[in-house]
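The values are calculated or read from the model by the stated rules, or taken from the named source; none is laboratory data. Everything numeric in this text was worked out from a predicted model, so none of it was measured. Ideal geometry is used to build each Cβ from the backbone, glycine not excepted, and the neighbour counts take in all protein chains shown.
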Amino acid sequence: MSDPNCVFCKIVAGQIPSRKVYEDDELLAFHDIHPWAPVHVLIVPKVHVASLSDVDASHEKWLGKMLLLAPKLMKDLGVTNGYRTSINTGPDGGQEVYHLHMHVFGGPRPWAKG
Ligand code: 5GP
Ligand code: ZN
């Protein structure tokens, strides 16, 4: 259920510190260590699933909860003008940490034009 070499499993287990913003029995959300936006949080399942390509029907409940949590967290964190969600999957998807996670980027985007 957890991978001893996985950085997000270590965060879930409290072996690596993180700035947590939400936790329940199935999910953990915390600030990204290298934020790309004024508010940049990661939502992860507590169970180790390497990527979105590895999900199955038994994961349906917490997958749905991840989407429901994003707007709640943005509201709680004071993001009022929109945000972007992203699940990077596999090498061509730009995934670096192989424990499924959803990025939620809120606040003005430094890369946005104008
Ligand atoms: P990926 O490219 O896999 O979608 O994104 C992985 C994200 O995890 C990156 O944005 C990176 O900054 C973040 N990250 C990697 N290691 C840690 C860590 O130890 N703590 C936190 N809070 N974020 C991490
Ligand atoms: Zn893991």
Any residue that is more than 22 Å from residue 5 (Cα to Cα), touching a residue at least 24 places away in the same chain (Cβ under 8 Å), more than 16 Å from ligand 2 (Cβ to nearest atom) and surrounded by 13 or more Cβ atoms within 10 Å (Cβ to Cβ) - is there at least one of those in the range 107-114? yes
From the residues in the range 32-59 that are out of contact with any Leu (no Cβ under 8 Å at 6 or more places or on another chain) and outside any loop (DSSP other than H, G, I, E, B), which one is nearest to residue 84 (Cα to Cα)? 40
Set 57, 50: member being over 20 Å from residue 20 (Cβ atoms), among the small types (Gly, Ala, Ser) and within 16 Å of ligand 2 (Cβ to nearest atom): 50
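Residues are listed down the side, and each one gets a yes or a no for (1) of a type in the set (Asp, Glu); (2) part of a loop (DSSP other than H, G, I, E, B); (3) touching a Lys or Arg at 6+ places or on another chain (Cβ under 9 Å):
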{"residue": "62", "(1), (2), (3)": "no, no, yes"}
{"residue": "69", "(1), (2), (3)": "no, no, no"}
{"residue": "72", "(1), (2), (3)": "no, no, no"}
{"residue": "85", "(1), (2), (3)": "no, no, no"}
{"residue": "104", "(1), (2), (3)": "no, no, yes"}
{"residue": "108", "(1), (2), (3)": "no, yes, no"}
For residue 59, all conditions in the list (1) surrounded by fewer than 13 Cβ atoms within 10 Å (Cβ to Cβ); (2) without any contact (Cβ under 8 Å) to a residue 40 or more places away in the chain; (3) not small (Gly, Ala, Ser) hold save one; what is the number of the exception? (1)
Determine whether residue 44 is within 16 Å of ligand 2 (Cβ to nearest atom), touching a strand residue (DSSP E or B) at 6+ places or on another chain (Cβ under 9 Å) and either of a type in the set (Asp, Glu) or within 17 Å of residue 9 (Cα to Cα) (or both). yes
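Evaluate the following for residue 94: is it surrounded by 12 or more Cβ atoms within 10 Å (Cβ to Cβ) and of a type outside the set (A, V, I, L, M, F, W, C)?
no
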Long-range neighbours under 9 Å by Cβ, at least six apart or interchain, first residue in contact (Cβ under 8 Å) with a residue 40 or more places away in the chain and over 18 Å from residue 104 (Cα atoms) within the range 2-30, second within 11 Å of ligand 1 (Cβ to nearest atom) and among the hydroxyl-bearing types (Ser, Thr, Tyr): 3/98; 6/98
Tally of residues being in contact with a strand residue (DSSP E or B) (Cβ under 6 Å, 6 or more places away or on another chain) and either at pLDDT below 95 or closer than 23 Å to residue 80 by Cα (or both) across the range 2-31: 8
